[in-house]
1. Pick from Glu4, Glu33: which is of a type in the set (Asp, Glu) and either touching a Lys or Arg at 6+ places or on another chain (Cβ under 9 Å) or surrounded by 14 or more Cβ atoms within 10 Å (Cβ to Cβ) (or both)?
2. Test Phe157 against the stated conditions and say whether it is buried (at least 23 other Cβ atoms within 10 Å of the Cβ), out of contact with any Pro (no Cβ under 9 Å at 6 or more places or on another chain) and touching a residue at least 12 places away in the same chain (Cβ under 8 Å).
3. For Val64, are the conditions met, namely being part of a strand (DSSP E or B), surrounded by 14 or more Cβ atoms within 10 Å (Cβ to Cβ) and touching a residue at least 12 places away in the same chain (Cβ under 8 Å)?
4. Find the strands (runs of 3 or more DSSP E) located wholly in segment 1-57 whose residues include 2 or more that are of a type in the set (A, V, I, L, M) and in contact with a Phe, Trp or Tyr (Cβ under 8 Å, 6 or more places away or on another chain), and list them.
5. For Ser228, are the conditions met, namely being open to solvent by less than 50 Å² (accessible area, probe 1.4 Å) and either at pLDDT below 95 or not in a helix (DSSP H, G or I) (or both)?
6. Which number in (1) open to solvent by 50 Å² or more (accessible area, probe 1.4 Å); (2) within 18 Å of Gly158 (Cβ to Cβ); (3) touching a residue at least 12 places away in the same chain (Cβ under 8 Å); (4) in a loop (DSSP other than H, G, I, E, B) marks the one condition that Ser253 misses?
7. Go over the candidates Lys201, Lys241 one by one and state the one that is among the basic types (Lys, Arg), closer than 30 Å to Gly90 by Cα and surrounded by fewer than 18 Cβ atoms within 10 Å (Cβ to Cβ).
Amino acid sequence: MKFEGFTQYTKKPNTISCGTLFTKQVELPFSIERKRTLRVWLPEDYDGKKRFPVFYFSDGQNIVDRYTSAYGDWELDDRIHEYIELGHQGVIIVGLDCPIEVELRTAEYLPYLEDNKLLSMKHKPYGDELADFFVNEIKTLIDETFLTKRDREFRGFGGSSMGGLFSFYIVNKYPNVFGMSLSFSPAFIFHRKRYADNYIKSIAHNNVRIAFYCGGEGRLEKKILSSSIYWYKKLLHYGFKNENVNLIINKESPHNEKSWSKYVIPSLLFLLKNY
């Protein structure tokens with residue numbers, strides 16, 4: 001299969017065990033590191049005839065190939081293969097690589113908020129600009145190039161840590177575009193609890209489904225777990241339907257891709273439970 005503007009990824013070695021990965025270079029005009037790789041992984045049952053659900057991911061370099069990742073990959077090719085083996089249609093995975101500079105990545109996935117704890121950040125947060133870019137540029141490109149299901153209920157966003165925070169934010173900024181958030185170890189620790197209450201009140205009636213996961217091993221993951229439980233309870237308190245919000249906890253798991261990968265399938269089963 002060929003897709004205009006995209007190149008099939010054939011670099012060796014790689015750890016892609018199934019499906020097909022395509023890449024394209026894109027430019028983010030609002031970022032210091034402007035040139036990025038956009039990665040589109042097509043499941044093994046993509047036949048050029050039927051349309052597929054789509055999940056967009058932060059940290060695109062980590063979705064399917066250990067050799068392009070910094071700390072390990074999500075092994076989403078294996079997880080979606082297992083999901084198909086359970087009798088479900090596959091899912092298209094779209095990932096945009098993050099900045100190389102760590103502090104720039106933090107700024108990229110963090111929406112600008114007056115109540116932000118990071119008052120002395122090296123870079124001003126520009127998560128809003130990234131969210132707009134995903135909706136106005138990347139989503140449009142993907143829908144025009146690949147056979148995607150166009151209803152919001154079949155379009156989700158996923159990520160972990162800062163990417164998990166961004167996943168939660170973009171879906172609730174654009175609930176008319178995205179119907180699902182896969183938010184793993186989300187970095188809610190960057191926001192004060194007072195902000196959480198005010199923000200959650202403002203999104204309480206968004207009809208989106210959210211799959212949270214948190215571990216509990218290590219100082220960072222323990223802090224993230226505590227804040228995630230707080231946000232989860234507040235979501236339910238202020239009006240989110242219980243059947244639309246799920247929280248999986250494994251207190252023995254650390255903050256890494258290997259841990260996150262284990263909970264992709266149960267989260268997909270929850271998010272796409274009516275499909």
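The values are calculated or read from the model by the stated rules, or taken from the named source; none is laboratory data. Quick caveat: nothing in here was measured; it's all calculated off a predicted structure. Virtual Cβ from ideal backbone geometry, glycine too; neighbours counted across all protein chains shown. Note: areas computed on protein heavy atoms with side chains; ligands, DNA, RNA excluded. Shrake-Rupley method; radii C 1.70, N 1.55, O 1.52, S 1.80 Å.
1. Numbers: Glu4 fails: either touching a Lys or Arg at 6+ places or on another chain (Cβ under 9 Å) or surrounded by 14 or more Cβ atoms within 10 Å (Cβ to Cβ) (or both).
Glu33 is the lone residue from the list that is of a type in the set (Asp, Glu) and either touching a Lys or Arg at 6+ places or on another chain (Cβ under 9 Å) or surrounded by 14 or more Cβ atoms within 10 Å (Cβ to Cβ) (or both).
2. Numbers: buried (at least 23 other Cβ atoms within 10 Å of the Cβ): yes; out of contact with any Pro (no Cβ under 9 Å at 6 or more places or on another chain): yes; touching a residue at least 12 places away in the same chain (Cβ under 8 Å): yes.
Against the criterion (buried (at least 23 other Cβ atoms within 10 Å of the Cβ), out of contact with any Pro (no Cβ under 9 Å at 6 or more places or on another chain) and touching a residue at least 12 places away in the same chain (Cβ under 8 Å)), Phe157 qualifies.
3. Numbers: part of a strand (DSSP E or B): no; surrounded by 14 or more Cβ atoms within 10 Å (Cβ to Cβ): yes; touching a residue at least 12 places away in the same chain (Cβ under 8 Å): yes.
So Val64 fails the test.
4. Numbers: elements: 20-27, 35-42, 54-57.
Of the strands (runs of 3 or more DSSP E) lying wholly inside segment 1-57, those with at least 2 residues that are of a type in the set (A, V, I, L, M) and in contact with a Phe, Trp or Tyr (Cβ under 8 Å, 6 or more places away or on another chain) span 35-42.
5. Numbers: open to solvent by less than 50 Å² (accessible area, probe 1.4 Å): yes; either at pLDDT below 95 or not in a helix (DSSP H, G or I) (or both): no.
Against the criterion (open to solvent by less than 50 Å² (accessible area, probe 1.4 Å) and either at pLDDT below 95 or not in a helix (DSSP H, G or I) (or both)), Ser228 does not qualify.
6. Checking Ser253 against (1) open to solvent by 50 Å² or more (accessible area, probe 1.4 Å); (2) within 18 Å of Gly158 (Cβ to Cβ); (3) touching a residue at least 12 places away in the same chain (Cβ under 8 Å); (4) in a loop (DSSP other than H, G, I, E, B), the one that fails is (1).
7. Values: Lys201 fails: closer than 30 Å to Gly90 by Cα.
When all the criteria are applied, what remains is Lys241.
Residue-by-condition table, conditions (1) crowded, with 23+ Cβ neighbours inside 10 Å; (2) more than 20 Å from the chain's Cα centre (by Cα); (3) farther than 30 Å from Lys124 by Cα:
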site: Pro29; (1), (2), (3): no, yes, no
site: Leu38; (1), (2), (3): no, no, no
site: Asp47; (1), (2), (3): no, yes, yes
site: Phe57; (1), (2), (3): yes, no, no
site: Thr68; (1), (2), (3): no, no, no
site: Gly72; (1), (2), (3): no, no, no
